[in-house]
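This report refers to the structure that appears directly beneath it.
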Amino acid sequence: MGEICGVCSQNESKYKCPSCQLRYCSIACFKQHKETHANDPPKEKPAPAQPTAAEITTVPTTTRNALPGSTKKIDFTNFESDPELLRLLSRYPNLRIQLQSVYGLTLEPPPQEQPSSNYRGRGRGRGRGGFHQQSHWSQAKGDKEATESFKNMRRVEGDDQGLAEFVHLLKMRFATDAGHAGP
């Protein structure tokens, strides 16, 4: 047998007060009990922390593999405050956008809305221009796409200098031996 109602003390309780966990049996008992909480100060919910401008614009500090398939980890903690990196970002304003774009490719995309049931849409009949099934996203696919995007950006005239200096900075800060120069 369950617990007895904490309000009327007659019936078996089926519910629990969300504020104080007192057991009660009915809406009538809850309404009667609720009046005892009328004088309670409201619970203050912690305000969500507002991100600072630095948090919004910096690259997240994580530990990632040095190269796809390698087991050596690189600690990028505090790299976003590196004076040389900050100098590069101010000298090449487009560099921050490029790096954020590449980083965004390493993150799992939000779920796409799928077409409903049998709706095929225009141009999707008789095998021409049909629906292309996208494969599922994986971290390896995201990293590969980001690497390809980074390589393509380095080939573009005008954008390559900032990226080249960024790669050089990474090599200076994170290269561990002469045979392996890092990312």
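Can you tell me how much longer the chain between residue 30 and residue 97 gets when fully stretched, taken as 0.36 nm per residue apart minus their C-alpha distance, in nm with one decimal?
Values: separation 67, 0.36 × 67 = 24.12 nm, distance 5.57 nm.
Residue separation times 0.36 nm, minus the Cα-Cα distance, leaves 18.5 nm.
Work out, step by step, the length gained on full extension between residue 15 and residue 157: first 0.36 nm times the residue separation, then minus their alpha carbon distance; give nm to one decimal. The partial results should precede the final answer.
Numbers: separation 142, 0.36 × 142 = 51.12 nm, distance 6.87 nm.
Stretched out fully, the residue 15 to residue 157 stretch lengthens by 44.3 nm.
Only the coordinates and a few stated rules stand behind these numbers; no lab work does. Note that this is a predicted model, so its numbers are computed, not measured.
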